[in-house]
Amino acid sequence: MSLSDRYTVPSNPGFSRILSKPDLKLNKGNYLVVGKENSVKIPRLGVSVKKSDYKLATHRNMLKRKVKTSFISFIEDLPAIDFIVMVGPGEKSNDKKTLNELWSSLGVKNNV
């Protein structure tokens, strides 16, 4: 199951608006989440993985897929916020647990 365009932050205007003055900032492991309330009344997600941190495109895409899959499993319980998840460098030994803790620390319960 992929993340539809409805739940995706528009790249250029969305990212700069959120990163300039975020309402929310949370760091968990190698993941940094910044967020800003939106007017569309649904949660949306943007993922950023630096090429300098992960040279292989397949590795960057895998990380993005993991973040998006985790977001989809929590989407019903998330507030109407535009989230940007920035993946930092480092070893990713327990991604699923870390991402679940990340969304849970936003006051969200996983129903799966």
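Just so you know, all these numbers are worked out from the coordinates, no wet-lab data involved. Keep in mind it's a predicted model, so treat the numbers as computed, not measured. Glycine also receives a Cβ, built like all others from the backbone with ideal geometry; neighbour counts cover every protein chain displayed.
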Length released on extending from Ser105 to Thr58, taking residue separation times 0.36 nm less the Cα-Cα span: 14.0 nm
DSSP-defined beta bridges in the chain - what % are antiparallel, rounded to 5: 65 percent
Most mobile of Pro89, Pro43, Pro22 in a GNM of the chain (Cα contacts under 10 Å): Pro89
Exposure proxy order (Cβ contacts within 10 Å, fewest to most) of Ile81, Ile72, Ile18, Ile42: Ile42, Ile72, Ile81, Ile18
Relative exposure of Phe83, Phe74, judged by other C-beta atoms within 10 Å (fewest first): Phe74, Phe83
Candidates Gly35, Gly90, Gly14: whichever shows maximal mean-square fluctuation once the chain is modelled as a Gaussian network with Cα springs under 10 Å: Gly90
Residues Glu76, Glu37 arranged by fewest to most Cβ contacts within 10 Å: Glu76, Glu37
Thr69 paired with Thr98, simple spin-label distance in nm, labels 7 Å along Cα-to-beta-carbon: 1.6 nm
Relative contact order %, the chain, counting alpha carbon pairs below 8 Å whose residues are six or more apart: 32 percent
For region 29-112: rounded, prolate or oblate by the Cα gyration tensor [a/c cutoff 1.5]: prolate
Placed amide H near Val9: partners under 5 Å, 5+ positions off or other chain: Leu45, Gly46
